[in-house]
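Note sheet for the following structure.
The values are calculated or read from the model by the stated rules, or taken from the named source; none is laboratory data. Every value quoted in this text rests on a predicted model; they were computed, and no experiment measured them. Here the Cβ positions follow ideal geometry from the backbone for every residue, glycine too, while neighbour counts run over all protein chains shown.
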Amino acid sequence: MSSLSISSAGTGHHSRALVLFSGGQDSTTCLAQALTRYEHVETLGFDYGQRHSVEMEIRPSAREALTEAFPEWRDRLGEDHVLSLDVLAQIGGSSLTDDVAFAMQADGLPNTFVPGRNLLFLTLAGALAYRRGISVIVTGVCETDFSGYPDCRDDTMKAMQLALSLGLERRLLIETPLMWLSKAQTWQLAHELGGDRLVELIRRDTHTCYQGVRDQLHDWGYGCGNCPACELRARGWAQWRGGMV
């Protein structure tokens, strides 16, 4: 677990959390965990001109599926917020926002990297948390099974936690439950949180595919099966089902 997590989470004054929720496997797992720990949980999504905009379309149904499958979470799940960040598409240069093929860049990062994306996400999440009286921000970034994105690293999260706490003059915690987990371990965490019901919900009701494909259902969920996000999700599923956790 991330070193940013605290043992008292979900108790005392840390009773309200804001989950950065894209509708994908990772953020849905984080949302499920937050609903087991906090009295009140709100969600935040970002429309930044992503090519796989289908993730914005399935977010509401994924939230609803959680409360249908786990009625005990319904009273804890609060408001959903969506903010526009089309400035990222205006900057361009990423295969997630431009119609270009997936490839590696000269700097060693994949061109799926959207510079500043998570930094902006967390800054706006901090501002919203301030207005909503929330002290915990939960995000599904990961340094173990990721594409090399520098804004997913533990050091970046610690720096953002400090900057937001100072800049808002309010103690904010950034929790990263998946920071040191592989994709197989993320599937395992979902199973520990909600058993086969949650695993099946994540498999069928979430979206990860960068191509936005929703008409091909694989063992691990919907997707094209070829983009980096699908390959990572499929590999993690195979390792988890094979007991390689």
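Would you check if there is a residue in the stretch 30-51 being loosely packed, with under 15 Cβ neighbours inside 10 Å, over 19 Å from VAL141 (Cα atoms) and among the basic types (Lys, Arg)?
no
Filter the stretch 58-78 down to the residues that are at pLDDT 95 or above, buried (at least 17 other Cβ atoms within 10 Å of the Cβ) and in a helix (DSSP H, G or I) and list them by number.
ALA62, ARG63, ALA65, LEU66, TRP73
Please list, ordered by first then second residue, the pairs with beta carbon atoms under 7 Å, 6 or more apart or interchain, first in the stretch 215-238 and under 23 Å from LEU198 (Cβ atoms) and in contact (Cβ under 8 Å) with a residue 60 or more places away in the chain, second of a type outside the set (Asp, Glu) and exposed (fewer than 15 other Cβ atoms within 10 Å of the Cβ).
Hits for this filter: GLY221/ARG204.
I need the full set of residues from the stretch 159-177 which are in contact (Cβ under 8 Å) with a residue 24 or more places away in the chain and not polar (S, T, N, Q), in order please.
In the first step, residues of the stretch 159-177 are kept if they are in contact (Cβ under 8 Å) with a residue 24 or more places away in the chain; the result is 160-161, 164, 167-168, 170-177.
MET160, LEU164, GLY167, LEU168, ARG170, ARG171, LEU172, LEU173, ILE174, GLU175, PRO177, listed by residue number.
Only one of (1) in contact with a strand residue (DSSP E or B) (Cβ under 6 Å, 6 or more places away or on another chain); (2) loosely packed, with under 15 Cβ neighbours inside 10 Å is not met by GLY242, so which one is it?
With respect to (1) in contact with a strand residue (DSSP E or B) (Cβ under 6 Å, 6 or more places away or on another chain); (2) loosely packed, with under 15 Cβ neighbours inside 10 Å, GLY242 is out only on (1).
Just need a number here: residues in the stretch 208-239 that are more than 17 Å from GLY23 (Cα to Cα), surrounded by 17 or more Cβ atoms within 10 Å (Cβ to Cβ), modelled with pLDDT of 95 or more and of a type outside the set (Gly, Ala, Ser).
Looking only at that region, the number is 2.
Within the stretch 183-198, identify whether any single residue is surrounded by fewer than 22 Cβ atoms within 10 Å (Cβ to Cβ) and at pLDDT below 90, and answer yes or no.
No: the stretch 183-198 contains no residue that is surrounded by fewer than 22 Cβ atoms within 10 Å (Cβ to Cβ) and at pLDDT below 90.
Just checking, how many residues over the stretch 184-204 are farther than 22 Å from ARG37 by Cα and touching a residue at least 40 places away in the same chain (Cβ under 8 Å)? Spell out the reasoning first.
Within the stretch 184-204, the subset farther than 22 Å from ARG37 by Cα is 184, 203-204.
Retained after the next criterion (residues that are touching a residue at least 40 places away in the same chain (Cβ under 8 Å)): 184.
Result for the stretch 184-204: 1.
So that you can scan it fast, the table gives a plain yes or no per residue for (1) at pLDDT below 95; (2) touching a Gly at 6+ places or on another chain (Cβ under 8 Å):
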| site | (1), (2) |
| --- | --- |
| SER2 | yes, no |
| GLY23 | yes, yes |
| LEU31 | no, no |
| GLU42 | no, yes |
| GLN50 | yes, no |
| SER94 | yes, no |
| ASP99 | yes, no |
| ALA103 | yes, no |
| ASN111 | yes, yes |
